[in-house]
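**Student:** The following block contains the structure, expressed as C-alpha cells.
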Amino acid sequence: MPKTTRNKNNIKHGTIELVLLLLLQKEQKYGYQLSQELSDFSEGKYELKETTMYPTLYRLTQNGYLSFEQVKVGIKRTRVYYLITDAGREYLQKIIDEYNTITQAISLIMQKTGTIS
Amino acid sequence: MKHKKNKALKKYLHDVKKGYHGNYKSKKLFIEQLKDSLTTYTKENTDYTYEDLQLTFGNPQELSTFSEIPSKTATVKKAFRRITVFSIITVSIFLIVHTAKYFYGKWDYSRGYDIEIQGAPDEIDNNINPFTHETDPPAIKTYNFGTDYAK
C-alpha cells in the first residue's frame, strides 16, 4: 500500500511564514486579527486556522523574526501582539524573492509542457 | 442552551490542550492566545457548536500531526540543557556517595576496634588515628594470645 502524504496542502504549508510576515510588516497584530485579515485580504481563498498559525508564529519568534508583547485585555485574559523585527524584514524580503523565482519557474514549466498557453 | 455552548467550548479547549505536543512554554503561549481568540469569537457568534469551533480554529486532532520544526537556537539550547542536567546529576551522585563514605569511615573508626596482641603488653606500639592524628580511641576489647586464648 503506497505511503500517504501526511501533510495536506503542501504548497500552502510552504507559504504560511510568507503570508504571516506580509501581514505583520506594517503594524503589530494579534492572532485572531491575523486570521481574519488573511481571510478578508485573500477574499476567502486563503484560510489559516489558528491551531496551524500559532506554532508558526512561535517558531518565527524563536528565530528572531518576530517579537511579541502580552497585553492584559480582561480578567484572566491575555492578548499577544506580534511585531516584525529587522531580521524578520530581511527574512521576508528573502522569501518574497524566493517565492517570485519559484512561481516564475513553475509558470515557465507549465507553459513549456502545454499545461497553460 | 448556554450550558451546552459552554460545554462545547470547554471540550474544544480540552481537546486542543491534549493534542498540542510542543514544549511547555510554547503550549502556554498557544493556549493563552487561543482562549483570547475563542472569547472574541464566542462574543461575536453566540450560536456556536463544537463543530463551528473546529471549522474556525482547526481540528485539535490535527495538532499532533503538525510537525513543528524547532529552530537551530532551540535545538542547541535543548541539547545544552540536557548536558547541564546530566552533569549536575552525575556530580551530585558522586559527591553524595563520597561524602557518605567519608563520614561512615570516620564514624566506624571512632567506634573503636579490636586489638589482637601478641607478646607482652608493654611491647605494644600506640597507633595514631589517620584522621585526627591523635592517639587511638580506647579499644573495645583486647586479646592477648599468650594469656586469653589459653583460658
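**Student:** Show the residues, 5+ positions off or on another chain, whose built amide H is closer than 5 Å to the amide H of residue A:66.
**Tutor:** Hits under the 5 Å cutoff: A:61, A:85.
**Student:** Classify segment A:10-112: rounded, prolate or oblate, from the alpha-carbon gyration tensor (a ≥ b ≥ c, eigenvalue square roots; a/c under 1.5 rounded; otherwise prolate if a/b is larger than b/c)? Provide the component values of the computation, followed by the final result.
**Tutor:** Numbers: a/c = 2.69, a/b = 1.77, b/c = 1.52.
It comes out prolate by the Cα gyration axes.
**Student:** How large is the dipole of chain A about the Cα centre if only Lys and Arg carry +1 and Asp and Glu carry -1, each at its Cβ, rounded to the nearest 20 debye?
**Tutor:** The dipole of chain A has a size of about 500 debye.
**Student:** If you plug each phi of segment A:102-113 into the Karplus form 6.51 cos²θ - 1.76 cosθ + 1.60 with θ = phi - 60°, what whole-Hz ³J(HN,Hα) values come out, in order, with x for Gly and Pro?
**Tutor:** Karplus values, whole Hz, x for Gly and Pro: 5, 5, 5, 4, 5, 4, 4, 4, 5, 5, 6, 8.
**Student:** Step through the residues of segment A:60-67 one at a time and calculate ³J(HN,Hα) from phi using the Karplus curve (6.51 cos²θ - 1.76 cosθ + 1.60, θ = phi - 60°), rounding each to whole Hz and writing x for Gly and Pro.
**Tutor:** These are the phi-based 3J(HN,Hα) values: 5, 5, 4, 7, x, 8, 10, 10 Hz.
**Student:** Round to the nearest 10 and give me the degree value, 0 to 90, for the angle of helix A:31-41's Cα axis relative to the longest principal axis of chain A.
**Tutor:** Between the helix axis and the principal axis of chain A, the angle is about 40 degrees.
**Student:** Pull up all non-local amide H partners of residue A:77: gap of 5 or more, or a different chain, and H-to-H distance under 5 Å with H placed in the peptide plane.
**Tutor:** Hits under the 5 Å cutoff: none.
**Student:** Kindly state, to the nearest 0.05, the FRET efficiency for residue B:100 paired with residue B:25, given R0 = 41 Å and r defined as their beta-carbon distance. Working shown, then result.
**Tutor:** Values: r = 37 Å, r/R0 = 0.91.
Plugging the Cβ-Cβ distance into 1/(1 + (r/R0)^6) gives 0.65.
**Student:** Additional query: HN-Hα J couplings of segment A:13-27 from phi, Karplus 6.51/-1.76/1.60, θ = phi - 60°, integer Hz, Gly and Pro as x?
**Tutor:** 4, x, 10, 4, 4, 4, 5, 5, 5, 4, 5, 9, 5, 9, 8
**Student:** Between residue A:112 and residue A:94, how many nm apart are label points set 7 Å from Cα along the C-beta direction?
**Tutor:** 2.8 nm
**Student:** Another question, if that's okay. Give A:26/B:25; A:94/B:27; A:12/A:49; A:45/B:7; B:17/B:77 a once-over and call out the pairs whose C-alpha atoms are over 20 Å from each other.
**Tutor:** From A:26/B:25; A:94/B:27; A:12/A:49; A:45/B:7; B:17/B:77, over 20 Å: A:26/B:25; A:94/B:27; A:45/B:7; B:17/B:77.
Read-outs throughout are calculated quantities, based only on the coordinates presented, and are distinct from any laboratory measurement. From a predicted model like this one, the values you see are computed outputs, not experimental measurements. No Cβ is skipped: glycine too gets one built from the backbone with ideal geometry, and neighbour counts run over all protein chains shown.
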